[in-house]
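Note sheet for the following structure.
The values are calculated or read from the model by the stated rules, or taken from the named source; none is laboratory data. Model, not experiment: these values are computed from the prediction. Cβ placement follows ideal geometry from the backbone for every residue including glycine, while neighbour counts extend to all protein chains displayed. Calculation scope for accessible area: heavy atoms of the full protein, side chains included, ligands and nucleic acids excluded. Shrake-Rupley method; radii C 1.70, N 1.55, O 1.52, S 1.80 Å.
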Amino acid sequence: MNLKAKMTVDKEYKIGKIDERIYGSFIEHLGRAVYEGIYEPDHPSADEQGFRQDVIEMVRELKVPLVRYPGGNFVSGYNWEDGVGPVAERPRRLDLAWRTTETNHIGTNEFMDWAKKIDAEVNMAVNLGTRGIDAARNLVEYCNHTSGSYWSDLRISHGYKDPHKIKTWCLGNEMDGPWQIGHKTADEYGRLAAETAKAMRWVDPSIELVACGSSNRRMPTFAEWEATVLDHTYDHVDYISLHTYYGNRDNDLGNYLAQSLDMDQFIYSVISIADYMKAKKRSKKTINLSFDEWNVWFHSNEADNKIEPWAVAPPQLEDIYTFEDALLVGSMLISMLKRADRVKVACLAQLVNVIAPIMTEKGGEAWKQPIFYPYMHASVFGRGVALHSIVSSPKYDSKDFTDVPYLDTVVVHDEETETATIFAVNRHQTETLYLECDVRSLEGYKVVEHLVLENDDVKATNQVTRDNVVPHRNGTAKEDGGTVTAALSKLSWNVIRLAK
Ligand code: AHR
C-alpha cells in the first residue's frame, strides 16, 4: 500500500496567536512531585534552598512558561498560611485528598523561588473546597500587594520584600467532582466563584481568573455545569477550565490514538457553551479556555489502590509511560494548537514524578519519559501563530471513533524568527505515510531539520538506566519548489522545521 496525505498551508490563514502559557505544566503537593521531585535537600545536586538542580535543568529544557500550583485535589483542603513563615513552626497536616501527611516544608514563597529558577510564572489555585473568599483575597494580598497592609507586610517579614505579582489564578479545582473536598453544585460553586473573583480582583485588578469547568467530558453534569457556572461568573472571570486524562485500558491502539478526537470535541463544546453565554448576556467579552490538566493517566491506577494512608510523599500516580503514550500526547498538543484562538492556557499534568515527563530517583538520577519529547518539541518550536491547513488524509474507524485521519497535524509560523514547524503524527500501525505539503506562501523557507520519535515496540519505556524512546534527526523531509515532502514512518511523531 502507498499511503499518501496532502496538505496546503498559507501563512495568511491564521488560527490565532499562540499564548505561550499553552505549554504550561503542573506541580501538586501529591506523591513525590514536590518532596523528592523538585525538592530534596540531601541530594548531591541540591542548591542552597534544597532544590534539585538536575531537575531544574531538565525543566528548563522543556521551556515551561507557567506552572499550576499547589493543586489539584490537594488545594481543596489546603490552608496556604500553613506554608509560609518559619519552616520549623509549620504544622504537619493530614491531606484528605490523597490520604497522606503534608509537612509544609515547601509553601508559596519557596515555590515562587523555584519557579523563578526555571523562568516560569505560577498559575496559583485558591481553595474553594473548605475555604472561600477571605482566604483567597488574603492570599492575593500576601502575594501581590506591595506593602503597608497586614498580609503584604507579613510577606515582607518572611523575607520577600518584592511582591510575587502572580497573574493567573484558578478559582478552586474540579468542584463538580464528588471526590473533591467541599464538592458543590454548579449554582453553589458559581456563586462562590463569582464573589471570590470580585474580592480577589478588588485586591489586584490586574489578575486573570479561571473558573472551574467540568473534570472531564464524561461527567454527568458536563455542559450544564459550564453553562450555570458561566451564568454566575461571566463578568468576573477570563477563562473556563477543562481537564482530561486518557488511557489505553483495553489495549486497543487504533482507538487509543484516536482519543485526541474526543479532546477536539471537548474543546469545541466548551467554546460553544462559552459563546452561548456570551450571546445570552449580550456581552462583548469572550471567555477563553484553560486546559489546565491534560495527559495520559492509567498505568498507576492499580498500584495506587494499595498505598498505606498518611505517609509523607509516597510514590503516587507514578505512571511509567510508553512510546504509544508519547504519540497520543503529541496529538493532544496538536488538538490544542488547532484551537490556539481560544485555548490560551494549558497545563500538562503533571511535571515531576506524578504522571510526569520527568522522573527522579531518591538520591540518584533524574530521567526523561517518552512523553517528555513531544511536549518539549511543541514548547520549544511551537511559538508564534497557528495556521489553518487544508488536510486530505486517508482515514480509519475504531471502536469509539469514525473517520480518524491517519495524519494528525498542525503548522506553526513565527514571523519574527522566520521559522515554521509542521507537527505531525502518523497514526497508521503498519504503513509509512507519504506527506506532500504545499508551503508556497512561505516563500524562501527550506527544511532545516526533521525530528522523528518512533519505535518498533509501542510499549517501549525509558528508565533511569536506559533511554529507549528518544527522537532522532534522520527524518526525510525536504522542500522543493514550494512543496515539502516527507515519509512519515508508521506510528511516528514528526517535527519538520523550516526556516528562511
Ligand atoms: O493531576 C492529578 C489529579 O487529577 C488532580 O489533583 C485533580 O485535579 C485531577 O483529578
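Of note:
- Span-like helix criteria (full DSSP H runs; alpha carbon extent of at least 18 Å along the helix axis; mean Kyte-Doolittle hydropathy of at least 1.0) are satisfied in the chain by 323-338.
- Normalised contact order of region 300-448, rounded percent, pairs of Cα under 8 Å and 6 or more residues apart: 18
- Between Lys306 and Ile133, the contour length at 0.36 nm per residue exceeds the alpha carbon distance by 58.6 nm.
- The rule of thumb for compact globular proteins, 2.2 N^0.38 Å, goes into the C-alpha radius of gyration of region 134-254 1.28 times.
- For region 260-321, the square roots of the Cα gyration tensor eigenvalues, ordered a ≥ b ≥ c, give a/c of at least 1.5 with a/b greater than b/c, which places it in the prolate category.
- Each of Ser45, Ser492 has its accessible area taken with a 1.4 Å probe; listed largest first, they run Ser45, Ser492.
- If you wrap the tightest convex hull around every Cα atom of the chain and split its volume per residue, you get 145 Å³.
- Largest first, the extents of the alpha carbon coordinates of region 1-105 on the three principal axes equal 64, 34, 34 Å.
- Over 13 Å [Cα-Cα, region 375-421], rounded percent: 64
- Highest mean packing comes first when the peptides 276-285, 468-477 are listed by Cβ atoms within 10 Å, giving 468-477, 276-285.
- Inter-part distance, region 249-274 to region 375-442, computed on C-alpha centroids, equals 17 Å.
- Residue-normalised accessible area of region 1-60, given per residue in Å² at a 1.4 Å probe: 43
- With a 1.4 Å probe rolled over the protein heavy atoms of all chains, the accessible area of Arg137, Arg339 falls in the order Arg137, Arg339, largest first.
- Carbon/sulfur fraction of accessible area - the chain, other protein chains in place, 1.4 Å, %: 48
- Residue-normalised accessible area of region 157-238, given per residue in Å² at a 1.4 Å probe: 42
- Lys63, Lys165, ranked by accessible area, largest first (probe 1.4 Å): Lys165, Lys63
- More than 20 angstrom apart: percent of Cα pairs within region 219-367: 57
- At 1.567 mPa s and 4 °C, Stokes D of region 176-221 from Kirkwood alpha-carbon radius, µm² per second: 109
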